[in-house]
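A short write-up of the structure that comes next.
Each reported figure results from applying straightforward, stated rules to the coordinates on display, with no laboratory input. Keep in mind the model is a prediction, meaning the values are calculated, not measured. Here Cβ is always computed from backbone atoms with ideal geometry, including for glycine, and neighbour counts include all displayed protein chains.
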Amino acid sequence: MDNILKTYMGGKKIDNLPSNNVPSPKNKSSILSKNEGIKLSISSLNAWFGTKHALKNIDIDFKENCITALIGPSGCGKTTLLRCINRMHEMTPGASVKGQIILDDLDIYNKGSDPVVVKRRMGMVFQKPNPFPTMSIYDNVASGLKLNGVKDKSLIKDIVQESLQGAGLWDEVKNDLNKPGISISGGQQQRLCIARALAMQPEILLMDEPTSALDPIASSKIEELISDLKEHLTVIIVTHNMQQAARVSDHTAFMYLGELVEYGPTAQIFKNPQKDLTERYISGKFG
Amino acid sequence: MIDLGLNKLSSIIGDMSNIATDSVIKAIDAYKEDSQKATKEIFESSAKLRFLQDEVSELTIELIARFQPVATDLRYIKSCMEISYGFSRLGRYAYDIIDAVDIFGPLKLCNKSSVILMSETVLDMMNTGVSALRLLDNSLTNKIYEKENVVDILYRKSLRDFAKIVNLNNEYPDNRCNISSTLILKYLERISDHACYIADCVNYIKTGQSSPRR
């Protein structure tokens with residue numbers, strides 16, 4: 001897997017995708033984002049659904065090439081935070097966002113920032129595998145490239161293979177690339193969705209409960225894959241499975257009622273949380 | 001559901017603390033009174049403590065495997081493994097003390113003052129450790145650590161005193177008093193260490209901070 005990933009990351013680069021040339025803002029967060037190791041810096045982030053205050057003054061730095069788990073009871077704002085990070089939240093009617101999210105040196109909510117470019121730099125994997133039902137396995141992975149104007153068939157072919165290898169799926173589907181994406185198992189479909197995200201060569205992979213619909217074996221494969229991917233990507237994963245958070249993540253953030261309660265190294269959060277609320281949640285006392 | 005397992009664990013640890021402290025007290029009394037009437041009971045208690053230690057070990061593994069405990073629960077379970085070993089060792093030292101009384105006795109004519117003095121401090125440490133554990137009160141642990149220093153000083157001073165006596169009476173063939181006292185002082189010194197380990201565990205459960213290795 002490791003060699004495959006190196007091949008993938010060192011393989012074909014896509015040159016003709018849109019880029020964002022918005023200058024970096026000269027403010028506190030941009031300085032923070034330049035700190036070594038910080039990929040994504042969020043400060044004073046607030047989000048609303050109409051009048052419902054869904055995220056309250058979130059400040060958090062996501063470290064590069066690390067896996068960060070977002071945990072917390074349903075409705076605490078984990079998914080909303082993911083959707084703010086890739087600018088999906090604003091697409092919900094009545095939803096609004098305030099605050100700052102800095103990706104490297106790009107303020108993604110800056111007026112000149114292009115949401116399409118932001119989304120391209122961040123892959124997203126959802127709770128249920130959602131391959132495009134009418135497309136083949138090959139076309140599922142190639143679709144993002146084609147939509148972004150990549151026409152070189154040889155390049156697309158190479159990237160599809162590298163992405164499927166990166167998602168640990170190539171050996172299982174290399175002879176069935178023309179079969180429908182929905183003809184494979186649930187676990188394979190989820191890895192197909194990961195391959196689809198990898199094809200766009202994202203810098204951050206956002207995963208919203210990516211294994212909650214999968215059996216233990218398929219979940220285990222996804223977890224191994226996530227661990228492998230962090231060598232090249234920054235991963236943020238929402239999970240309700242405490243053991244999964246403990247197993248796969250380097251850092252864990254506990255959210256409750258729209259607030260970030262505690263954030264720290266995963267070992268510390270699970271062995272010695274500093275906040276009583278965190279302790280009670282991870283121990284299953286509420287939630 | 002994990003609470004059922006934790007309660008059972010706590011109950012076994014409680015039983016072990018009672019058996020271990022009772023054994024040590026009886027062993028010291030046996031030395032003081034030069035009596036062997038508690039020997040069988042102390043031997044049986046030592047075996048029982050070993051059995052209970054194994055039971056704690058099995059239960060902790062089961063709790064970890066089935067419930068994947070975290071935070072205070074996880075620290076408590078880890079500490080119970082160490083504490084059960086500690087109580088098992090206390091039972092063994094009680095066994096060793098009464099064994100020394102049996103092998104070297106009768107010791108009626110021996111000067112037992114240094115052992116009796118040290119045993120009072122050690123019993124106090126042991127009881128304080130058990131109280132700290134029962135109440136999960138880490139404010140008591142400093143008292144134990146302070147007394148450990150006293151025990152170490154008493155132990156070294158007593159050994160030096162015995163060495164002088166042996167040197168002065170090097171023609172005297174019967175050193176049973178000195179040997180038995182030395183052995184029992186060593187066992188008491190180890191019991192004091194285990195009282196400190198129990199205190200370390202209470203601190204770890206409460207704060208998550210590990211104590212420096214002694």
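Amide H to amide H, with H built 1.01 Å from N, A:GLU262 comes under 5 Å of A:PHE254, counting only residues 5 or more places away or on other chains. Sorted fewest first by neighbouring Cβ atoms within 10 angstrom, A:ILE217, B:ILE83 come out as A:ILE217, B:ILE83.
Around the amide H of A:GLY72, modelled in the peptide plane, lie the amide H atoms of A:MET255, all under 5 Å away and 5 or more residues distant in sequence or on another chain. Annotation for region B:25-105: chymotrypsin sites (Phe, Trp or Tyr not before Pro) lying in DSSP loop with at most 15 further Cβ atoms inside 10 Å of their Cβ do not exist.
For A:ALA95, the residues whose modelled amide H falls within less than 5 Å of its own, excluding neighbours fewer than 5 places apart on the same chain, are A:GLY50.
Once you sort the root eigenvalues of the Cα gyration tensor of region A:43-138 as a ≥ b ≥ c, which label holds: rounded (a/c under 1.5), prolate (a/b larger than b/c) or oblate (the other case)? The shape class here is rounded. For region A:30-171, the relative contact order comes to 21 percent (Cα pairs under 8 Å, sequence separation of at least 6). Using the Cα gyration tensor of chain B, with a ≥ b ≥ c the square roots of its eigenvalues, what is the shape: rounded (a/c below 1.5), prolate (a/b larger than b/c) or oblate (neither)? Prolate, since a/c reaches 1.5 and a/b exceeds b/c. As a length-normalised measure over Cα pairs under 8 Å and 6 or more apart, the relative contact order of chain B settles at 27 percent. Helical content of chain A, expressed as a calculated mean residue ellipticity at 222 nm, amounts to -10500 deg cm²/dmol (DSSP H runs of 4 or more residues, -39,500 (n - 2.57) each, divided by residue number, nearest 500). DSSP bridge analysis restricted to the protein assembly as shown gives an antiparallel fraction near 60%, rounded to the nearest 5. For region A:244-255, putting each phi into the Karplus relation 6.51 cos²θ - 1.76 cosθ + 1.60 with θ = phi - 60° gives couplings of 5, 4, 5, 6, 9, 9, 8, 10, 10, 10, 9, 10 Hz, in residue order, rounded to whole numbers and with x for Gly and Pro. Adding -39500 (n - 2.57) for every DSSP H run of four residues or longer, then dividing by how many residues chain B holds, sets the calculated 222 nm ellipticity at -30000 deg cm²/dmol. Note on region A:214-278 and region B:41-56: Cα centroid distance 41 Å, given to the nearest whole angstrom.
Report, for region A:2-282, the % of DSSP beta bridges that are antiparallel, rounded to 5.
60 percent
When only Cα pairs below 8 angstrom with a gap of at least 6 residues are kept, region A:2-282 shows a relative contact order of 25 percent.
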